[in-house]
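Here is the structure we will look at.
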Amino acid sequence: MQIIRDIAMLHRAVTALKADGKAVALVPTMGALHDGHLSLVRMGKRVADHVVVSIFVNPTQFGPNEDFAAYPRDEARDAALLAQEGVSLLWAPDVATMYPAGHGTHVEVAELGADYCGAARPGHFDGVATVVAKLFNQVRPDIAIFGEKDWQQLAIIRRMARDLDFGLDILGAPIARDADGLALSSRNAYLSPEQRAAATAFPAALKAAAAAIAGGADVAQSLAAAEAAILAGGFDSIDYVALADAASLERLPAFRAPARLLAAARIGKTRLIDNHPVG
Ligand code: AMP
């Protein structure tokens, strides 16, 4: 596996990978890799000839009081995992390569980024969309793979790829979970053993609410019950628990398919997100 940090070298390497019409899939990540990330890589191996993984902890998607500095980083471990999976190329630019002095152009996400995580994290999705647009232009993949774990992000990237004519396929990969149901996340590393045990209340509450709503229960009551169960399970606060149209992300006062439960909650200093299909 090649590890590349320079854009000109990246272009040469990707051009070589694409020789003879070979297809390249890109899996963008912020590192601290777990089985969720690796499931995206495995999907890439199934749908393309070569998988390129990027690792870049993107400062522009973190708010001033968020965990950019503390975000877990272990490139040597990540690179070993990716090499084992048969990844062709690791693209690992530094901040000065991604945002050279004077960088002043960005992608602005409109209504899809306004609610949910966008409301809780102002500017977050503009930062995500900008860096993903840059990664698409840098790597020029045929396919890019994102996790359904970040449902709003996936919807925003699909829309951006369409709106800005990136001309590549965006694939969503199912959420990888631990045996007790907690969605795998690099941020789970922040949890104490007690918090980690309590965190299972989060996916359990979403699963129960999704089943209730699909079974005809009142939406507002089901969402309130999920919030109460998450707090009773040991979380400190809820950012949102919402029933949304799975594609437009519009809030749904009553169930209609295709719908998705979207949620974010905080336990100690850690903010976790999750989502669940309904029906
Ligand atoms: P991150 O490194 O957190 O920015 O995530 C990189 C990619 O991995 C994103 O497309 C995420 O949606 C995806 N991802 C993270 N955790 C999971 C998971 N538990 N299951 C599936 N995909 C995930």
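The values are calculated or read from the model by the stated rules, or taken from the named source; none is laboratory data. All of these numbers come straight from a predicted model, not from anything done at the bench. Please note: Cβ atoms are built from the backbone with ideal geometry, for glycine as well, and neighbour counts cover all protein chains shown. For accessibility, only protein heavy atoms count, side chains too; no ligands or nucleic acids. Shrake-Rupley method; radii C 1.70, N 1.55, O 1.52, S 1.80 Å.
The table below lists the values:
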| read-out | value |
| --- | --- |
| Neighbours by Cβ (under 9 Å, 6+ apart or cross-chain): first from region 89-100, modelled with pLDDT of 95 or more; second open to solvent by 60 Å² or more (accessible area, probe 1.4 Å) and part of a strand (DSSP E or B) | Leu89/Gln2; Leu89/Ile3; Leu90/Gln2; Leu90/Ile3; Trp91/Ile3; Ala92/Ile3 |
| Scan of region 18-28 for residues that are within 16 Å of the ligand (Cβ to nearest atom) and either more than 13 Å from the chain's Cα centre (by Cα) or without any contact (Cβ under 8 Å) to a residue 40 or more places away in the chain (or both), ordered by number | Ala25, Leu26 |
| Lone qualifier among Ala208, Ala242, Ala228, Ala264 - being surrounded by 14 or more Cβ atoms within 10 Å (Cβ to Cβ) and in a helix (DSSP H, G or I) | Ala208 |
| Criterion (under 24 Å from Leu262 (Cα atoms), assigned by TED's automatic domain parsing to the domain that holds Gly21, crowded, with 19+ Cβ neighbours inside 10 Å and within 15 Å of the ligand (Cβ to nearest atom)) met by exactly one of Gly147, Gly113, Gly118 | Gly147 |
| Filter result for the condition that a residue is touching a His at 6+ places or on another chain (Cβ under 7 Å) and among the small types (Gly, Ala, Ser), over Gly104, Gly118, Gly172, Gly147 | Gly118 |
| Among (1) open to solvent by 60 Å² or more (accessible area, probe 1.4 Å); (2) out of contact with any Leu (no Cβ under 7 Å at 6 or more places or on another chain) - the single one Asp178 does not satisfy | (2) |
| Residue selected from region 23-39 under the condition part of a loop (DSSP other than H, G, I, E, B) and out of contact with any strand residue (DSSP E or B) (no Cβ under 6 Å at 6 or more places or on another chain), by the criterion farthest from Glu75 (Cα to Cα) | Ala23 |
| Out of Ser237, Ser248, Ser185, Ser222, sole residue that is polar (S, T, N, Q), surrounded by 17 or more Cβ atoms within 10 Å (Cβ to Cβ) and over 29 Å from Val51 (Cα atoms) | Ser222 |
| Considering residues of region 169-181 that are in contact (Cβ under 8 Å) with a residue 40 or more places away in the chain and not small (Gly, Ala, Ser) only, the residue farthest from the ligand (Cβ to nearest atom) | Leu171 |
| From the options Phe166, Phe136, Phe146, residue that is at pLDDT 95 or above and under 13 Å from the mean Cα position of the chain (by Cα) | Phe146 |
| Those residues of region 169-200 which are in a loop (DSSP other than H, G, I, E, B) and in contact with a Lys or Arg (Cβ under 8 Å, 6 or more places away or on another chain), in sequence order | Ile175, Ala176, Gly181, Leu182, Leu184, Ser185 |
| Flag for Ala133 being over 20 Å from Ala242 (Cα atoms), of a type in the set (A, V, I, L, M, F, W, C), surrounded by fewer than 21 Cβ atoms within 10 Å (Cβ to Cβ) and not assigned by TED's automatic domain parsing to the domain that holds Leu243 | yes |
| Residues located in region 100-110, provided they are farther than 25 Å from Leu272 by Cβ and crowded, with 18+ Cβ neighbours inside 10 Å | Val107 |
